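One structure is given below, encoded as structure tokens.
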Amino acid sequence: MPKTALDILSSLLVKANIMTLDEISHAFHTQEEPDDTLDATLVKKGIIRKNTLLSLLAEHYGVTFIAEVEKVDLQILKMVPEHIIEGYQVIPIHFEEGTLTLAMTAPDDLRAIDRIRALTGLSIKPVGILEGGFRKFYSKYFEDTALSQILKEVEIHQRELELQTTAPTDAEKTQPMAKLVDSILLQAVRRRASDVHIEPQETFALLRLRIDGVLKSIQVLPKPVLAGLVNRIKVLASLDITERRVPQDGQFKCSMEAHEVDVRVSVIPSHYGEKVAMRVLDRRSFLMNMDLLGMPPEIQSLVEATVSRPNGLALVTGPTGSGKTTTLYAIIQRLRSPQLNIMTLEDPIEYELLAGSRREGGITQVQINTKVGLTFAVGLRSALRQDPDVIFVGEIRDKETAEIAISASLTGHLVLSSLHTNGAVQTVARLIDMGVEPYLVGCSLRAVLAQRLVRVLCHQCKLPYTPPQDVLKRLDLKIEAGQTLFKPNGCGSCAQQGYWGRTGVYEILALNNDLVGMIMEKRSNADIMATARQSGFKTLKEHGMDLAAQGLTSIEEVLRVLPNV
């Protein structure tokens, strides 16, 4: 709230003959909580009703005033950076037809309105909010105080249960832990975390989140809390809470911020207790539009040309966490049509590809279940009897699956899949090493897209700089005169990380007659690379350097993600 807000509210109360300045001063300096605002203090003490406060402020500012904001759509909240929300004490609460509604503690702050209008390119509609309501919202959405407070409540509750003379009920034991798990997942969703780690140590447990591909410590958890916390997660994931000796995997769905989140759970026994890893799949933040993946236009054109063909094998490669699934789902969404029968074989199904309308066409997703014998190979054989046009195989893991996929691609089907290799060219050798005949690889393979994810520099705080000579030497890179490179800095907008979000780094090997001939002749990777270069092939590292030259990422980030490529 601006510095004059206290004076404005005080003058309004005096002018309305509700309080004198001395009474206001006494109330303010005898507040129950040191961080309480004047409006919160007056309401808590029963000196004034909340509705009276809202009416006074609405009349003064000439806009509607609200007491607080309970919930807000996260996609709308992300329209305004956190440091702007905190600095100007504003909350984006509604967006419709090019107009963003802001709840503001000072709705006459034209500088804030102009700044956010310029930042978003939207029309701004201000409404008022009590300062206490803003602080409550900010603490809930952006600070760790809420999680710390819940931990205190859990510890107190556990001590109370120990002092009970009667055995606690299941509800009494699980209620505080349910609140703690909800709070942890809420933090993960709000911070855009892909994974949650609960790691037991000798005297405590550590809560860490993987944000933009990098783990960050969030909270130290008291060791006595760990067992109950793990049990609550096991219950949600339908795991055996009595089994602590062997690893267990499960999943569950929960509602966060009025939308559904899928959570995949892995529990493994460790020296100091059970470690939990949770993959958080927030459907609303999951990109399934090829135009938003950050592909260079020339690579996207080659991908689209490849998957527009009625048959053949197209592969996406890279290590775990490189965005392969996101890319493949985006391709499937692009192919989706009422004229096509699309089937997927996945382990696990990460996102449900529901049809938005009858015009879109359905997609049949099959969950692989090795416990009952439903492997990729078995599922693929069965899928071929379902009259498919397009088949997505989550991953080619063995010779049998590879041979069936290739056979399907040679008999009139478009087959999409993924593989773990370092680059596009190496994929050919990987398939041959699996035992697939070179002539089958050459006849079926249409293109290989290799990819990684690099963090994007925060545009609010990135700094221009000249890289150290050893870095330039490693990259064999020369900086041209007038060229500006950037490095991370850190600010409130990016939680002091220097980066915000990630984008893809790509290379594509699109097969032509020359390359097909070389594959059938079992030529070396070096020979295939040399021939591909003649057709304009660019490596992952070269695309990464292009992104650094554009100021989207840093050279150090490219080296972190692509150290040996």
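The values are calculated or read from the model by the stated rules, or taken from the named source; none is laboratory data. Since the structure is predicted, the reported quantities are computational estimates derived from the model, not experimental observations. Note that each Cβ is placed from the backbone with ideal geometry, even for glycine, and that neighbours are counted across all protein chains shown.
Values for this structure:
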quantity: Tabulated pairs, region 225-249, first free of Cβ contacts under 8 Å to residues at least 60 places away in the same chain, second among the basic types (Lys, Arg), C-beta under 6 angstrom, 6+ apart or interchain; calculated: 241/234
quantity: Set 463, 440: member being more than 23 Å from residue 374 (Cα to Cα), surrounded by 17 or more Cβ atoms within 10 Å (Cβ to Cβ) and free of Cβ contacts under 8 Å to residues at least 40 places away in the same chain; calculated: 440
quantity: Identity of the residue in region 517-565, surrounded by fewer than 19 Cβ atoms within 10 Å (Cβ to Cβ) and of a type in the set (Gly, Ala, Ser), that ends up nearest to residue 486 (Cα to Cα); calculated: 551
quantity: Test result for residue 328, at pLDDT 95 or above, assigned to a helix (DSSP H, G or I), surrounded by 16 or more Cβ atoms within 10 Å (Cβ to Cβ) and not aromatic (Phe, Trp, Tyr); calculated: yes
quantity: Breaking point among (1) in contact with a Ser or Thr (Cβ under 9 Å, 6 or more places away or on another chain); (2) under 28 Å from residue 460 (Cβ atoms); (3) part of a helix (DSSP H, G or I), for residue 58; calculated: (2)
quantity: Filtered residue count, region 307-318, keeping only those that are within 11 Å of residue 508 (Cα to Cα) and either loosely packed, with under 13 Cβ neighbours inside 10 Å or in contact with a Gly (Cβ under 8 Å, 6 or more places away or on another chain) (or both); calculated: 1
quantity: Wholly within region 505-565, helices (runs of 4 or more DSSP H) carrying at least 1 residues that are over 24 Å from the mean Cα position of the chain (by Cα) and closer than 21 Å to residue 465 by Cβ; calculated: 540-549
quantity: Any hit, region 215-234, residues being within 17 Å of the chain's Cα centre (by Cα), within 30 Å of residue 78 (Cα to Cα) and at pLDDT 90 or above; calculated: yes
quantity: Single unsatisfied condition, residue 150 versus (1) touching a Ser or Thr at 6+ places or on another chain (Cβ under 8 Å); (2) within 20 Å of residue 78 (Cα to Cα); (3) of a type in the set (Val, Ile, Thr); (4) at pLDDT below 90; calculated: (2)
quantity: Residues (under 16 Å from residue 107 (Cβ atoms) and within 26 Å of the chain's Cα centre (by Cα)) located in region 118-137; calculated: 134, 137
quantity: Criterion (more than 20 Å from residue 298 (Cβ to Cβ), in contact with a Leu (Cβ under 7 Å, 6 or more places away or on another chain) and not small (Gly, Ala, Ser)) met by exactly one of 508, 528, 555; calculated: 555
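Here is a yes/no grid of residues against (1) modelled with pLDDT under 95; (2) surrounded by 17 or more Cβ atoms within 10 Å (Cβ to Cβ); (3) not in a helix (DSSP H, G or I):
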| position | (1), (2), (3) |
| --- | --- |
| 408 | no, yes, no |
| 422 | yes, yes, yes |
| 448 | no, yes, yes |
| 453 | no, yes, yes |
| 473 | yes, no, no |
